[in-house]
């Protein structure tokens, strides 16, 4: 057993933290805890037989026992690749290396359900269950996971450990979001379409009839676009989305997005302006995907803007790329900023989300671009995408 050498996170920089404690137990302490636990073969076999991912953690949040389900999920066979690691480091959370202290110590970790469940269980000595959204990378496939994490006190002989169990609820959360979209949002759109069609025979004159028909046409376009957007998002997540690049002009793209959203209900009593003197050059990309990202970005900005407020759009040159940006006067809370691009996260309530997540997925995976934002009290919120020319 002493041949086990758990991988320790090493960094020449001092370990710091913006959330949970950074120090770790040394590798011999981890091995000692592991050996003390497996000495009772019955308990170890019970955890090993569980179908759900299960691990035992020491007070430093390091794994001292892993069941078979966790090994399968991680695609690892050797214990020394698992013991001594923290959860985010094992599943390659993209925030695990944000701080020198590792998993649990960065600012993003303050909103991590897994870390908060673990520390709550350790402090108050009771079970804690929380949902956790993690964007993974590295050895595992690049993916966004929705997990249900339960941390419970586990006292064994002289050991005080934390029993961690993890259930992947990604498909469940995704189904809930799609149900919301098709049973609520789409139903509202269809209801508006029906109301206008019923009003059409009652129109008082030709101008009134034309106005209703224009409204019906706009609602129909919105409905088709919503369905297409969800179809393309499903294809994007599975890696099957087809990209069809064409040449287009930056100013024309912004104008088309502005014109489309000016007829959307979300823009009622709000102003959309394109900054004067914007860059107008030709660039190549998938026209549909670029406009989809910008439309989603503009819609989110309009939703965040108060009545009679203004949203501004623009495009600048930056090195070898173009930066499209959309600004609104509202500032996002710091907690919201830490979770913006996570799948299933939304400021609009439960069972929403996918909006900003889809923007990031399409921009970075299919448009070869980058996406980001700034948000503060002085300047409001500005989202941007940078695309190669």
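Checking the condition assigned by TED's automatic domain parsing to the domain that holds residue 49, touching a strand residue (DSSP E or B) at 6+ places or on another chain (Cβ under 8 Å) and closer than 21 Å to residue 160 by Cβ, which residue from 134, 118 passes?
Working: 134 fails: closer than 21 Å to residue 160 by Cβ.
Going through 134, 118 in turn, just one is assigned by TED's automatic domain parsing to the domain that holds residue 49, touching a strand residue (DSSP E or B) at 6+ places or on another chain (Cβ under 8 Å) and closer than 21 Å to residue 160 by Cβ: 118.
Report, by residue number, each residue of region 272-289 that is assigned to a loop (DSSP other than H, G, I, E, B), closer than 21 Å to residue 301 by Cβ and in contact with a strand residue (DSSP E or B) (Cβ under 8 Å, 6 or more places away or on another chain).
275, 278, 279
For every residue, the table says whether it meets (1) within 23 Å of residue 153 (Cβ to Cβ); (2) part of a loop (DSSP other than H, G, I, E, B); (3) free of Cβ contacts under 8 Å to residues at least 60 places away in the same chain.
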{"residue": "55", "(1), (2), (3)": "yes, no, no"}
{"residue": "76", "(1), (2), (3)": "no, yes, yes"}
{"residue": "100", "(1), (2), (3)": "no, yes, no"}
{"residue": "105", "(1), (2), (3)": "yes, yes, no"}
{"residue": "110", "(1), (2), (3)": "yes, no, no"}
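Considering only region 205-218, I want to know if a residue exists there that is at pLDDT 80 or above, more than 36 Å from the chain's Cα centre (by Cα) and crowded, with 16+ Cβ neighbours inside 10 Å.
Taking every residue of region 205-218 in turn, at least one turns out to be at pLDDT 80 or above, more than 36 Å from the chain's Cα centre (by Cα) and crowded, with 16+ Cβ neighbours inside 10 Å.
The values are calculated or read from the model by the stated rules, or taken from the named source; none is laboratory data. Just so it is clear, the model here is predicted, and its values are computed rather than measured. All Cβ positions, even for glycine, are placed from backbone atoms using ideal geometry, and neighbour counts span all protein chains on display.
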